[in-house]
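Asker: Supplied in C-alpha coordinates, the structure appears directly below.
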Amino acid sequence: MDLYAESILDHAHHPLCKGPMKHPTVSHEETNASCGDSLELRLLIKGKRINDIRWEGEGCAISQAAMSMFAGHLKGMTTEEAAHLPPRSVFDLLKVSIGPRRTKCALLCLHALKNALRKLNGEPAQSWTETIGN
Amino acid sequence: MPLDTAAIRRQFPIFREEHPPIYLDSAAMGQKPANVIDAMDTYYRLAASNVHRGMYALADEATNRYEASRETVRAFIAAKHRDEIVFTKGATESINLVAKTWGKANLKKGDGVVLSILEHHSNIVPWLQLKEEIGISLRWIDMEEDGSLRMADIDAALKDGKAKLVSVTGLSNVLGTLPPLSDIIERAHRAHALTLIDASQLIAHRPIDVTELNCDFLAFSGHKLFGPTGIGVLYARSPLLSKIPPFLGGGGMVQRVTREEFLPADPPAKFEAGTPPIAEAIGLKAAIEWFTQYPWKDIEAHEHALLAHAIEKLKAIPSLRILGPASADEVAGCVSFTIEGVHPHDLTDILGRQGICLRAGHHCAQPLHERLDIGASTRLSVSLYNTPEEIDRCAEEIRRAIAKLKK
Ligand SMILES: Cc1ncc(COP(=O)(O)O)c(C=O)c1O
(Lines give C-alpha, C1' and ligand atoms only; values in the text may rest on other atoms or scores of the structure.)
Protein backbone atom coordinates (compact mmCIF):
# COMPACT_ATOMS: atom_id res chain seq x y z
CA MET A 1 0.00 0.00 0.00
CA ASP A 2 1.02 3.62 -0.58
CA LEU A 3 3.34 4.85 2.14
CA TYR A 4 1.41 8.10 2.18
CA ALA A 5 -1.96 6.48 2.74
CA GLU A 6 -4.85 8.65 3.94
CA SER A 7 -4.57 7.21 7.43
CA ILE A 8 -0.95 8.23 7.76
CA LEU A 9 -1.47 11.71 6.38
CA ASP A 10 -4.50 12.14 8.65
CA HIS A 11 -2.39 11.45 11.68
CA ALA A 12 0.41 13.65 10.40
CA HIS A 13 -1.99 16.55 9.93
CA HIS A 14 -4.10 15.95 13.01
CA PRO A 15 -1.85 14.20 15.51
CA LEU A 16 -3.23 12.59 18.66
CA CYS A 17 -1.87 13.23 22.17
CA LYS A 18 0.32 16.06 20.94
CA GLY A 19 0.88 18.81 23.46
CA PRO A 20 2.26 19.72 26.86
CA MET A 21 1.89 17.78 30.12
CA LYS A 22 2.09 19.56 33.46
CA HIS A 23 3.86 17.03 35.64
CA PRO A 24 5.19 14.10 33.63
CA THR A 25 6.82 11.25 35.56
CA VAL A 26 9.43 11.16 32.86
CA SER A 27 10.10 13.03 29.64
CA HIS A 28 12.65 12.21 27.03
CA GLU A 29 13.64 13.53 23.61
CA GLU A 30 15.14 11.62 20.70
CA THR A 31 16.26 13.10 17.42
CA ASN A 32 17.15 11.67 14.07
CA ALA A 33 20.22 13.67 13.21
CA SER A 34 20.23 12.62 9.58
CA CYS A 35 16.95 14.39 8.83
CA GLY A 36 16.33 16.65 11.78
CA ASP A 37 13.26 14.78 13.04
CA SER A 38 12.65 15.08 16.76
CA LEU A 39 10.17 13.66 19.26
CA GLU A 40 9.85 14.49 22.91
CA LEU A 41 7.80 12.02 24.86
CA ARG A 42 6.13 12.77 28.20
CA LEU A 43 4.76 9.93 30.28
CA LEU A 44 2.59 9.98 33.35
CA ILE A 45 3.14 6.70 35.16
CA LYS A 46 0.70 5.53 37.82
CA GLY A 47 0.93 2.13 39.47
CA LYS A 48 3.39 0.88 36.85
CA ARG A 49 1.02 1.80 34.08
CA ILE A 50 1.26 4.47 31.42
CA ASN A 51 -1.63 6.54 32.66
CA ASP A 52 -1.23 9.39 30.21
CA ILE A 53 1.02 10.31 27.32
CA ARG A 54 1.83 13.53 25.50
CA TRP A 55 4.42 14.40 22.93
CA GLU A 56 5.92 17.26 20.98
CA GLY A 57 7.92 17.00 17.84
CA GLU A 58 8.56 17.86 14.27
CA GLY A 59 9.72 16.03 11.24
CA CYS A 60 8.52 13.97 8.34
CA ALA A 61 4.98 12.66 8.00
CA ILE A 62 6.08 9.11 8.82
CA SER A 63 7.77 9.94 12.11
CA GLN A 64 4.92 12.18 13.22
CA ALA A 65 2.12 9.84 12.17
CA ALA A 66 3.84 6.87 13.78
CA MET A 67 4.14 8.78 17.05
CA SER A 68 0.51 9.82 16.91
CA MET A 69 -0.71 6.24 16.36
CA PHE A 70 1.74 4.79 18.85
CA ALA A 71 0.68 7.21 21.61
CA GLY A 72 -2.88 5.95 21.51
CA HIS A 73 -1.63 2.39 21.57
CA LEU A 74 0.49 2.96 24.68
CA LYS A 75 -2.13 4.43 26.93
CA GLY A 76 -2.95 2.04 29.78
CA MET A 77 -0.12 -0.33 29.02
CA THR A 78 2.18 -1.42 31.86
CA THR A 79 5.71 -0.07 31.69
CA GLU A 80 6.91 -3.66 31.64
CA GLU A 81 4.87 -4.46 28.52
CA ALA A 82 5.89 -1.19 26.88
CA ALA A 83 9.58 -1.83 27.50
CA HIS A 84 9.30 -5.05 25.51
CA LEU A 85 7.42 -3.76 22.49
CA PRO A 86 9.11 -4.84 19.24
CA PRO A 87 9.40 -2.73 16.05
CA ARG A 88 6.54 -4.84 14.69
CA SER A 89 4.17 -3.07 17.08
CA VAL A 90 4.79 0.23 15.26
CA PHE A 91 4.77 -1.27 11.77
CA ASP A 92 1.44 -2.96 12.49
CA LEU A 93 -0.11 0.37 13.45
CA LEU A 94 1.17 2.07 10.31
CA LYS A 95 -0.24 -0.73 8.13
CA VAL A 96 2.01 0.17 5.20
CA SER A 97 5.28 -1.41 4.28
CA ILE A 98 8.20 0.59 5.61
CA GLY A 99 11.38 0.17 3.61
CA PRO A 100 14.87 0.38 5.09
CA ARG A 101 15.11 4.04 4.10
CA ARG A 102 12.30 5.02 6.41
CA THR A 103 12.76 2.55 9.24
CA LYS A 104 14.30 5.13 11.53
CA CYS A 105 11.50 7.61 10.77
CA ALA A 106 8.90 5.04 11.74
CA LEU A 107 10.74 3.82 14.83
CA LEU A 108 11.74 7.16 16.31
CA CYS A 109 8.66 6.91 18.56
CA LEU A 110 9.68 3.46 19.77
CA HIS A 111 13.24 4.62 20.33
CA ALA A 112 11.99 7.58 22.38
CA LEU A 113 9.71 5.30 24.40
CA LYS A 114 12.43 2.75 25.14
CA ASN A 115 14.82 5.40 26.33
CA ALA A 116 12.17 7.25 28.33
CA LEU A 117 11.49 4.02 30.24
CA ARG A 118 15.20 3.41 30.68
CA LYS A 119 15.63 6.90 32.02
CA LEU A 120 12.77 6.23 34.43
CA ASN A 121 14.63 3.16 35.71
CA GLY A 122 17.95 4.96 35.90
CA GLU A 123 19.39 2.83 33.11
CA PRO A 124 21.64 4.07 30.29
CA ALA A 125 20.03 4.81 26.93
CA GLN A 126 19.88 2.04 24.37
CA SER A 127 21.33 2.38 20.87
CA TRP A 128 19.45 2.44 17.58
CA THR A 129 20.80 -1.01 16.84
CA GLU A 130 19.03 -2.31 19.93
CA THR A 131 15.79 -0.52 19.08
CA ILE A 132 15.71 -1.80 15.51
CA GLY A 133 17.05 -5.23 16.36
CA ASN A 134 14.53 -6.53 18.87
CA MET B 1 28.45 24.74 -29.37
CA PRO B 2 25.48 23.43 -27.42
CA LEU B 3 26.09 19.99 -25.92
CA ASP B 4 24.39 17.13 -27.69
CA THR B 5 22.69 15.70 -24.63
CA ALA B 6 21.21 12.78 -26.50
CA ALA B 7 24.65 11.69 -27.68
CA ILE B 8 26.07 12.19 -24.21
CA ARG B 9 23.34 10.12 -22.60
CA ARG B 10 23.96 7.22 -24.97
CA GLN B 11 27.42 6.87 -23.46
CA PHE B 12 25.99 6.07 -20.03
CA PRO B 13 24.66 2.53 -19.56
CA ILE B 14 22.14 3.75 -16.98
CA PHE B 15 20.55 6.21 -19.40
CA ARG B 16 20.27 3.52 -22.07
CA GLU B 17 17.91 1.55 -19.84
CA GLU B 18 14.28 1.37 -20.91
CA HIS B 19 13.14 3.45 -17.95
CA PRO B 20 16.14 5.52 -16.90
CA PRO B 21 15.85 7.46 -13.67
CA ILE B 22 15.52 11.21 -13.73
CA TYR B 23 18.81 11.62 -12.01
CA LEU B 24 19.15 14.99 -10.31
CA ASP B 25 21.64 13.98 -7.64
CA SER B 26 24.98 14.30 -9.40
CA ALA B 27 26.26 16.45 -6.54
CA ALA B 28 26.28 13.25 -4.48
CA MET B 29 27.62 10.98 -7.21
CA GLY B 30 28.12 11.30 -10.93
CA GLN B 31 26.84 8.56 -13.22
CA LYS B 32 29.47 6.52 -15.05
CA PRO B 33 30.13 6.61 -18.78
CA ALA B 34 30.89 3.26 -20.41
CA ASN B 35 34.55 4.11 -21.05
CA VAL B 36 35.19 4.36 -17.30
CA ILE B 37 33.60 1.00 -16.64
CA ASP B 38 35.44 -0.56 -19.60
CA ALA B 39 38.83 0.79 -18.53
CA MET B 40 38.46 -0.74 -15.09
CA ASP B 41 37.06 -3.94 -16.50
CA THR B 42 40.01 -4.30 -18.88
CA TYR B 43 42.49 -3.80 -16.06
CA TYR B 44 40.84 -6.52 -14.00
CA ARG B 45 40.50 -8.88 -16.94
CA LEU B 46 43.86 -8.44 -18.63
CA ALA B 47 46.27 -6.36 -16.58
CA ALA B 48 45.62 -7.14 -12.90
CA SER B 49 48.86 -7.00 -10.99
CA ASN B 50 50.31 -4.82 -8.29
CA VAL B 51 52.17 -1.58 -8.90
CA HIS B 52 55.80 -0.74 -8.23
CA ARG B 53 56.69 -4.35 -7.42
CA GLY B 54 56.92 -7.15 -9.96
CA MET B 55 59.72 -7.56 -12.50
CA TYR B 56 57.42 -8.86 -15.22
CA ALA B 57 55.62 -7.16 -18.07
CA LEU B 58 52.18 -7.34 -16.48
CA ALA B 59 53.41 -5.46 -13.41
CA ASP B 60 55.01 -2.82 -15.62
CA GLU B 61 51.72 -2.39 -17.38
CA ALA B 62 49.83 -1.84 -14.11
CA THR B 63 52.46 0.63 -12.88
CA ASN B 64 52.41 2.49 -16.17
CA ARG B 65 48.64 2.79 -16.16
CA TYR B 66 48.58 3.90 -12.55
CA GLU B 67 51.22 6.56 -13.11
CA ALA B 68 49.62 7.62 -16.38
CA SER B 69 46.52 8.43 -14.36
CA ARG B 70 48.59 10.66 -12.09
CA GLU B 71 49.78 12.52 -15.17
CA THR B 72 46.22 12.91 -16.45
CA VAL B 73 45.12 14.33 -13.09
CA ARG B 74 48.13 16.66 -13.06
CA ALA B 75 47.25 18.05 -16.46
CA PHE B 76 43.54 18.29 -15.58
CA ILE B 77 44.17 20.62 -12.65
CA ALA B 78 47.26 22.22 -14.21
CA ALA B 79 49.66 21.25 -11.45
CA LYS B 80 53.33 21.79 -12.24
CA HIS B 81 54.65 18.41 -11.17
CA ARG B 82 53.29 14.90 -11.17
CA ASP B 83 54.59 14.28 -7.66
CA GLU B 84 52.27 16.98 -6.34
CA ILE B 85 49.40 14.56 -6.92
CA VAL B 86 48.63 12.04 -4.17
CA PHE B 87 45.98 9.39 -4.71
CA THR B 88 43.70 8.85 -1.73
CA LYS B 89 40.41 7.12 -1.07
CA GLY B 90 38.47 10.33 -1.66
CA ALA B 91 38.18 13.99 -0.73
CA THR B 92 37.49 13.04 2.87
CA GLU B 93 40.74 11.14 3.16
CA SER B 94 42.62 13.92 1.35
CA ILE B 95 41.49 16.53 3.88
CA ASN B 96 42.14 14.16 6.77
CA LEU B 97 45.62 13.54 5.41
CA VAL B 98 46.37 17.26 5.59
CA ALA B 99 44.90 17.60 9.08
CA LYS B 100 46.60 14.54 10.48
CA THR B 101 50.04 15.07 8.96
CA TRP B 102 50.62 18.75 8.16
CA GLY B 103 48.17 19.82 10.89
CA LYS B 104 49.65 17.73 13.66
CA ALA B 105 53.20 18.68 12.73
CA ASN B 106 52.59 22.40 12.31
CA LEU B 107 49.73 23.49 14.52
CA LYS B 108 49.95 24.14 18.20
CA LYS B 109 47.51 25.18 20.88
CA GLY B 110 45.93 28.51 20.11
CA ASP B 111 46.66 28.40 16.37
CA GLY B 112 43.69 29.03 14.14
CA VAL B 113 42.13 27.21 11.19
CA VAL B 114 39.68 29.31 9.20
CA LEU B 115 36.60 27.61 7.72
CA SER B 116 33.52 28.92 5.98
CA ILE B 117 29.98 28.24 7.11
CA LEU B 118 29.41 26.51 3.75
CA GLU B 119 31.70 23.58 4.53
CA HIS B 120 30.88 19.91 4.20
CA HIS B 121 31.46 17.83 7.34
CA SER B 122 34.57 16.37 5.77
CA ASN B 123 36.17 19.82 5.90
CA ILE B 124 34.96 20.44 9.45
CA VAL B 125 35.35 17.29 11.50
CA PRO B 126 39.10 16.72 10.86
CA TRP B 127 39.69 20.24 12.21
CA LEU B 128 37.36 19.69 15.16
CA GLN B 129 39.43 16.60 15.91
CA LEU B 130 42.55 18.77 16.01
CA LYS B 131 40.69 21.20 18.21
CA GLU B 132 40.11 18.35 20.64
CA GLU B 133 43.61 16.94 20.34
CA ILE B 134 45.79 20.04 20.18
CA GLY B 135 43.53 22.89 21.17
CA ILE B 136 43.54 24.78 17.87
CA SER B 137 40.72 27.27 17.41
CA LEU B 138 38.29 27.21 14.51
CA ARG B 139 37.43 30.58 13.06
CA TRP B 140 34.32 30.78 10.94
CA ILE B 141 33.58 32.87 7.92
CA ASP B 142 29.88 33.65 7.95
CA MET B 143 27.78 34.42 4.90
CA GLU B 144 25.27 37.00 3.76
CA GLU B 145 21.66 35.96 3.22
CA ASP B 146 22.40 35.33 -0.46
CA GLY B 147 25.09 32.80 0.41
CA SER B 148 28.08 34.96 -0.42
CA LEU B 149 30.88 34.85 2.15
CA ARG B 150 31.55 37.82 4.40
CA MET B 151 35.02 38.79 3.33
CA ALA B 152 35.39 40.99 6.40
CA ASP B 153 35.22 37.81 8.49
CA ILE B 154 38.24 36.40 6.66
CA ASP B 155 40.30 39.46 7.43
CA ALA B 156 39.15 39.40 11.04
CA ALA B 157 40.10 35.73 11.32
CA LEU B 158 43.56 36.41 9.91
CA LYS B 159 44.27 39.61 11.79
CA ASP B 160 46.16 38.30 14.82
CA GLY B 161 48.46 36.20 12.66
CA LYS B 162 47.58 33.01 14.51
CA ALA B 163 45.56 31.47 11.70
CA LYS B 164 47.78 28.99 9.89
CA LEU B 165 45.31 27.61 7.37
CA VAL B 166 42.25 28.77 5.49
CA SER B 167 40.27 25.76 4.32
CA VAL B 168 37.24 26.47 2.16
CA THR B 169 35.01 24.84 -0.40
CA GLY B 170 35.24 25.93 -4.02
CA LEU B 171 31.53 25.34 -4.51
CA SER B 172 28.87 24.87 -1.84
CA ASN B 173 27.30 21.43 -2.07
CA VAL B 174 24.02 22.93 -0.78
CA LEU B 175 23.67 26.49 -2.07
CA GLY B 176 25.74 26.06 -5.21
CA THR B 177 27.52 29.32 -4.47
CA LEU B 178 31.15 29.83 -5.51
CA PRO B 179 33.38 31.56 -2.98
CA PRO B 180 35.92 33.91 -4.60
CA LEU B 181 38.89 31.57 -4.30
CA SER B 182 41.64 33.75 -5.73
CA ASP B 183 40.71 36.60 -3.41
CA ILE B 184 40.54 34.30 -0.38
CA ILE B 185 43.86 32.65 -1.20
CA GLU B 186 45.54 36.01 -1.64
CA ARG B 187 44.26 37.30 1.70
CA ALA B 188 45.38 34.11 3.42
CA HIS B 189 48.85 34.25 1.93
CA ARG B 190 49.24 37.87 2.90
CA ALA B 191 48.66 36.75 6.48
CA HIS B 192 51.12 33.85 6.02
CA ALA B 193 48.39 31.23 6.24
CA LEU B 194 48.24 28.25 3.90
CA THR B 195 45.13 27.41 1.92
CA LEU B 196 43.20 24.23 1.27
CA ILE B 197 40.46 24.13 -1.35
CA ASP B 198 37.78 21.48 -1.08
CA ALA B 199 37.12 21.05 -4.79
CA SER B 200 34.77 18.08 -4.40
CA GLN B 201 31.93 19.90 -6.13
CA LEU B 202 33.88 22.43 -8.15
CA ILE B 203 35.84 19.74 -9.99
CA ALA B 204 32.84 18.69 -12.10
CA HIS B 205 31.55 22.16 -12.89
CA ARG B 206 34.45 24.53 -13.50
CA PRO B 207 37.99 24.25 -14.86
CA ILE B 208 40.59 24.32 -12.10
CA ASP B 209 44.12 25.62 -12.48
CA VAL B 210 45.97 25.12 -9.20
CA THR B 211 49.02 26.98 -10.43
CA GLU B 212 47.03 30.05 -11.27
CA LEU B 213 44.90 29.76 -8.13
CA ASN B 214 48.09 29.41 -6.14
CA CYS B 215 46.40 27.28 -3.48
CA ASP B 216 48.56 25.10 -1.25
CA PHE B 217 46.29 22.07 -1.02
CA LEU B 218 43.32 20.95 -3.07
CA ALA B 219 41.13 17.90 -2.55
CA PHE B 220 38.49 16.09 -4.58
CA SER B 221 36.89 12.68 -5.12
CA GLY B 222 36.79 10.75 -8.36
CA HIS B 223 33.17 9.66 -8.09
CA LYS B 224 31.67 13.12 -8.56
CA LEU B 225 33.64 13.44 -11.78
CA PHE B 226 31.98 10.30 -13.24
CA GLY B 227 34.89 8.18 -12.03
CA PRO B 228 34.72 5.24 -9.63
CA THR B 229 34.30 5.37 -5.87
CA GLY B 230 37.32 4.68 -3.68
CA ILE B 231 39.67 7.15 -5.30
CA GLY B 232 40.37 10.78 -4.63
CA VAL B 233 43.14 13.26 -5.06
CA LEU B 234 45.16 15.47 -2.81
CA TYR B 235 47.14 18.13 -4.61
CA ALA B 236 49.85 19.80 -2.52
CA ARG B 237 52.14 22.49 -3.85
CA SER B 238 55.71 21.29 -3.83
CA PRO B 239 57.82 21.25 -1.77
CA LEU B 240 55.09 21.06 0.92
CA LEU B 241 54.72 17.30 0.66
CA SER B 242 58.39 16.59 1.27
CA LYS B 243 58.20 18.52 4.55
CA ILE B 244 55.10 16.80 5.86
CA PRO B 245 55.37 13.59 7.88
CA PRO B 246 53.91 10.46 6.27
CA PHE B 247 50.28 9.49 6.85
CA LEU B 248 49.61 5.74 6.97
CA GLY B 249 52.58 3.43 7.39
CA GLY B 250 53.18 0.30 5.38
CA GLY B 251 54.52 -1.01 2.12
CA GLY B 252 55.21 1.36 -0.73
CA MET B 253 55.71 4.46 1.43
CA VAL B 254 59.25 3.63 2.56
CA GLN B 255 62.73 3.54 1.10
CA ARG B 256 64.23 1.40 3.82
CA VAL B 257 63.03 -0.28 7.00
CA THR B 258 65.18 -1.65 9.78
CA ARG B 259 64.22 -3.04 13.14
CA GLU B 260 64.73 0.40 14.62
CA GLU B 261 63.49 2.88 12.07
CA PHE B 262 62.20 3.60 8.60
CA LEU B 263 63.10 6.08 5.92
CA PRO B 264 60.03 7.36 4.10
CA ALA B 265 59.87 7.35 0.32
CA ASP B 266 59.67 10.59 -1.61
CA PRO B 267 56.26 12.06 -2.32
CA PRO B 268 53.80 11.06 -3.57
CA ALA B 269 54.65 7.42 -2.66
CA LYS B 270 55.27 8.59 0.92
CA PHE B 271 51.52 9.13 1.25
CA GLU B 272 50.34 6.04 -0.61
CA ALA B 273 50.93 3.20 1.82
CA GLY B 274 49.73 -0.25 0.84
CA THR B 275 48.31 -1.41 -2.46
CA PRO B 276 46.72 1.68 -3.93
CA PRO B 277 43.34 1.83 -5.71
CA ILE B 278 44.84 0.85 -9.07
CA ALA B 279 41.67 0.03 -10.99
CA GLU B 280 40.10 3.16 -9.57
CA ALA B 281 43.03 5.32 -10.69
CA ILE B 282 42.63 3.86 -14.17
CA GLY B 283 38.90 4.58 -14.00
CA LEU B 284 39.57 8.15 -12.90
CA LYS B 285 41.88 8.68 -15.86
CA ALA B 286 39.15 7.45 -18.19
CA ALA B 287 36.64 9.77 -16.50
CA ILE B 288 38.88 12.79 -16.95
CA GLU B 289 39.46 11.84 -20.58
CA TRP B 290 35.73 11.54 -21.05
CA PHE B 291 35.08 14.91 -19.44
CA THR B 292 37.76 16.76 -21.36
CA GLN B 293 36.16 15.85 -24.71
CA TYR B 294 33.79 18.72 -24.02
CA PRO B 295 34.90 22.34 -23.81
CA TRP B 296 34.26 23.79 -20.36
CA LYS B 297 32.35 26.71 -21.80
CA ASP B 298 29.84 24.30 -23.35
CA ILE B 299 29.44 22.38 -20.11
CA GLU B 300 29.02 25.60 -18.16
CA ALA B 301 26.49 26.99 -20.63
CA HIS B 302 24.46 23.78 -20.56
CA GLU B 303 24.40 23.61 -16.77
CA HIS B 304 23.64 27.32 -16.47
CA ALA B 305 20.63 26.91 -18.71
CA LEU B 306 19.45 23.90 -16.70
CA LEU B 307 19.80 25.72 -13.40
CA ALA B 308 18.09 28.85 -14.73
CA HIS B 309 15.23 26.64 -15.88
CA ALA B 310 15.10 24.79 -12.57
CA ILE B 311 15.12 28.00 -10.53
CA GLU B 312 12.32 29.46 -12.63
CA LYS B 313 10.19 26.31 -12.28
CA LEU B 314 10.84 26.02 -8.56
CA LYS B 315 10.15 29.68 -7.88
CA ALA B 316 6.70 29.26 -9.41
CA ILE B 317 5.76 26.64 -6.83
CA PRO B 318 3.81 28.23 -3.96
CA SER B 319 5.36 27.91 -0.48
CA LEU B 320 8.68 26.78 -1.94
CA ARG B 321 11.71 28.76 -0.77
CA ILE B 322 15.02 28.58 -2.59
CA LEU B 323 18.08 28.73 -0.35
CA GLY B 324 20.85 31.07 -1.41
CA PRO B 325 20.88 33.54 -4.27
CA ALA B 326 18.17 31.91 -6.43
CA SER B 327 19.95 33.11 -9.54
CA ALA B 328 21.65 30.84 -12.04
CA ASP B 329 24.34 33.48 -12.56
CA GLU B 330 25.57 33.04 -9.04
CA VAL B 331 25.47 29.28 -8.55
CA ALA B 332 26.76 26.14 -10.18
CA GLY B 333 25.78 22.52 -9.99
CA CYS B 334 22.87 22.63 -7.58
CA VAL B 335 20.04 24.50 -6.00
CA SER B 336 18.41 23.62 -2.68
CA PHE B 337 15.04 24.51 -1.27
CA THR B 338 12.49 23.99 1.47
CA ILE B 339 8.72 23.79 1.22
CA GLU B 340 6.56 25.03 4.04
CA GLY B 341 4.79 22.15 5.70
CA VAL B 342 6.49 19.46 3.63
CA HIS B 343 9.43 17.55 5.03
CA PRO B 344 12.22 16.95 2.48
CA HIS B 345 12.26 13.22 3.21
CA ASP B 346 8.56 12.88 2.48
CA LEU B 347 8.98 14.86 -0.72
CA THR B 348 11.98 12.92 -2.00
CA ASP B 349 10.45 9.59 -0.99
CA ILE B 350 7.42 10.34 -3.16
CA LEU B 351 9.59 11.62 -6.01
CA GLY B 352 11.79 8.56 -5.68
CA ARG B 353 8.78 6.33 -6.32
CA GLN B 354 8.43 8.11 -9.69
CA GLY B 355 12.08 7.44 -10.49
CA ILE B 356 13.09 11.02 -9.75
CA CYS B 357 16.28 11.13 -7.70
CA LEU B 358 16.75 14.17 -5.48
CA ARG B 359 18.63 14.35 -2.24
CA ALA B 360 17.07 15.35 1.07
CA GLY B 361 18.61 16.01 4.45
CA HIS B 362 21.41 18.20 5.70
CA HIS B 363 23.80 17.09 2.93
CA CYS B 364 26.62 16.75 5.49
CA ALA B 365 26.47 20.47 6.10
CA GLN B 366 24.79 20.74 9.49
CA PRO B 367 26.43 24.02 10.54
CA LEU B 368 25.10 25.60 7.33
CA HIS B 369 21.60 24.25 7.97
CA GLU B 370 21.75 25.51 11.53
CA ARG B 371 22.82 28.91 10.19
CA LEU B 372 19.82 28.85 7.84
CA ASP B 373 17.68 27.79 10.78
CA ILE B 374 16.37 24.66 9.07
CA GLY B 375 16.80 20.99 9.85
CA ALA B 376 16.90 19.70 6.33
CA SER B 377 16.53 20.76 2.72
CA THR B 378 15.96 19.20 -0.68
CA ARG B 379 18.70 19.51 -3.28
CA LEU B 380 18.34 19.38 -7.04
CA SER B 381 21.67 19.03 -8.80
CA VAL B 382 22.43 18.99 -12.49
CA SER B 383 25.11 17.72 -14.75
CA LEU B 384 25.89 17.64 -18.43
CA TYR B 385 23.63 14.65 -19.08
CA ASN B 386 20.48 16.30 -17.72
CA THR B 387 17.77 17.86 -19.86
CA PRO B 388 15.19 20.63 -19.38
CA GLU B 389 12.46 18.00 -19.85
CA GLU B 390 13.73 16.20 -16.75
CA ILE B 391 13.48 19.43 -14.78
CA ASP B 392 9.91 19.97 -16.05
CA ARG B 393 8.87 16.49 -15.01
CA CYS B 394 10.50 16.95 -11.62
CA ALA B 395 8.77 20.30 -10.98
CA GLU B 396 5.44 18.78 -11.98
CA GLU B 397 5.90 15.86 -9.59
CA ILE B 398 6.96 18.21 -6.79
CA ARG B 399 3.65 20.02 -7.22
CA ARG B 400 1.77 16.71 -7.11
CA ALA B 401 3.65 15.58 -4.02
CA ILE B 402 2.87 18.83 -2.24
CA ALA B 403 -0.81 18.52 -3.10
CA LYS B 404 -0.80 15.02 -1.70
CA LEU B 405 1.17 15.75 1.47
CA LYS B 406 -0.65 18.95 2.32
CA LYS B 407 -4.16 17.74 1.64
C1 LIG C 1 31.83 19.86 -0.79
C2 LIG C 1 32.15 18.43 -0.46
N3 LIG C 1 33.24 18.13 0.23
C4 LIG C 1 33.58 16.88 0.53
C5 LIG C 1 32.81 15.81 0.14
C6 LIG C 1 33.23 14.44 0.56
O7 LIG C 1 33.50 13.62 -0.51
P8 LIG C 1 33.74 12.06 -0.28
O9 LIG C 1 32.60 11.58 0.54
O10 LIG C 1 33.76 11.50 -1.64
O11 LIG C 1 35.05 11.91 0.44
C12 LIG C 1 31.65 16.06 -0.58
C13 LIG C 1 30.78 14.94 -1.00
O14 LIG C 1 29.65 14.83 -0.73
C15 LIG C 1 31.31 17.39 -0.90
O16 LIG C 1 30.20 17.69 -1.58
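The values are calculated or read from the model by the stated rules, or taken from the named source; none is laboratory data. On a predicted model such as this, the values are computed, not experimentally measured, just so you know. Ideal geometry is used to build each Cβ from the backbone, glycine not excepted, and the neighbour counts take in all protein chains shown. Please note that ligands, DNA and RNA were not included when accessible areas were found on the heavy atoms of the full protein model with its side chains. Shrake-Rupley method; radii C 1.70, N 1.55, O 1.52, S 1.80 Å.
Asker: May I ask you to list the residues in segment A:3-26 that are surrounded by 18 or more Cβ atoms within 10 Å (Cβ to Cβ) and touching a residue at least 60 places away in the same chain (Cβ under 8 Å)?
Answerer: Listed by number, the residues that qualify are A:3, A:8.
Asker: Specify which of the listed residues (B:220, B:226) is more than 11 Å from the ligand (Cβ to nearest atom), crowded, with 23+ Cβ neighbours inside 10 Å and within 21 Å of residue B:383 (Cα to Cα).
Answerer: That would be B:226, the only listed residue that is more than 11 Å from the ligand (Cβ to nearest atom), crowded, with 23+ Cβ neighbours inside 10 Å and within 21 Å of residue B:383 (Cα to Cα).
Asker: In the list B:176, B:147, B:170, which residue meets the criterion of being modelled with pLDDT under 95 and buried (at least 23 other Cβ atoms within 10 Å of the Cβ)?
Answerer: Exactly one of B:176, B:147, B:170 is modelled with pLDDT under 95 and buried (at least 23 other Cβ atoms within 10 Å of the Cβ), namely B:147.
Asker: Which ones in segment B:351-377 are more than 16 Å from residue B:119 (Cα to Cα) and within 16 Å of the ligand (Cβ to nearest atom)?
Answerer: B:357, B:358, B:359, B:360
Quick grid of which residues meet (1) within 16 Å of the ligand (Cβ to nearest atom); (2) hydrophobic (A, V, I, L, M, F, W, C); (3) touching a Cys at 6+ places or on another chain (Cβ under 9 Å):
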| residue | (1), (2), (3) |
| --- | --- |
| B:291 | no, yes, no |
| B:300 | no, no, no |
| B:305 | no, yes, no |
| B:313 | no, no, yes |
| B:318 | no, no, no |
| B:345 | no, no, yes |
| B:349 | no, no, yes |
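Asker: Quick check on segment B:352-365. Is at least one of its residues more than 14 Å from chain A (Cβ to nearest Cβ) and at pLDDT 95 or above?
Answerer: yes
Asker: Just checking: which of the helices (runs of 4 or more DSSP H) contained wholly in segment B:15-121 hold 2 or more residues that are in contact with a Phe, Trp or Tyr (Cβ under 6 Å, 6 or more places away or on another chain) and within 16 Å of the ligand (Cβ to nearest atom)?
Answerer: B:91-97
Asker: While we're looking at this one, here's another question. Here is a list of conditions, (1) modelled with pLDDT of 95 or more; (2) out of contact with any helix residue (DSSP H, G or I) (no Cβ under 8 Å at 6 or more places or on another chain); (3) within 14 Å of chain B (Cβ to nearest Cβ), and residue A:2 meets all of them except one; can you say which number that is?
Answerer: (1)
Asker: Sticking with this structure for a sec: Is one or more of the residues making up segment B:233-246 within 28 Å of residue B:383 (Cβ to Cβ) and within 13 Å of the ligand (Cβ to nearest atom)?
Answerer: Looking for residues that are within 28 Å of residue B:383 (Cβ to Cβ) and within 13 Å of the ligand (Cβ to nearest atom), one finds at least one in segment B:233-246, hence yes.
Asker: Give A:38, A:63 a once-over and let me know the one that is within 14 Å of chain B (Cβ to nearest Cβ), surrounded by fewer than 21 Cβ atoms within 10 Å (Cβ to Cβ) and in contact with a Gly (Cβ under 9 Å, 6 or more places away or on another chain).
Answerer: Answer to the selection: A:38.
Asker: When you scan segment B:32-41, do you find a residue that is open to solvent by 50 Å² or more (accessible area, probe 1.4 Å) and modelled with pLDDT under 95, even just one?
Answerer: Scanning segment B:32-41 turns up no residue that is open to solvent by 50 Å² or more (accessible area, probe 1.4 Å) and modelled with pLDDT under 95.
Asker: Considering only segment B:308-407, give the strands (runs of 3 or more DSSP E) lying wholly within it that have at least 2 residues that are open to solvent by less than 10 Å² (accessible area, probe 1.4 Å).
Answerer: B:334-339, B:377-381
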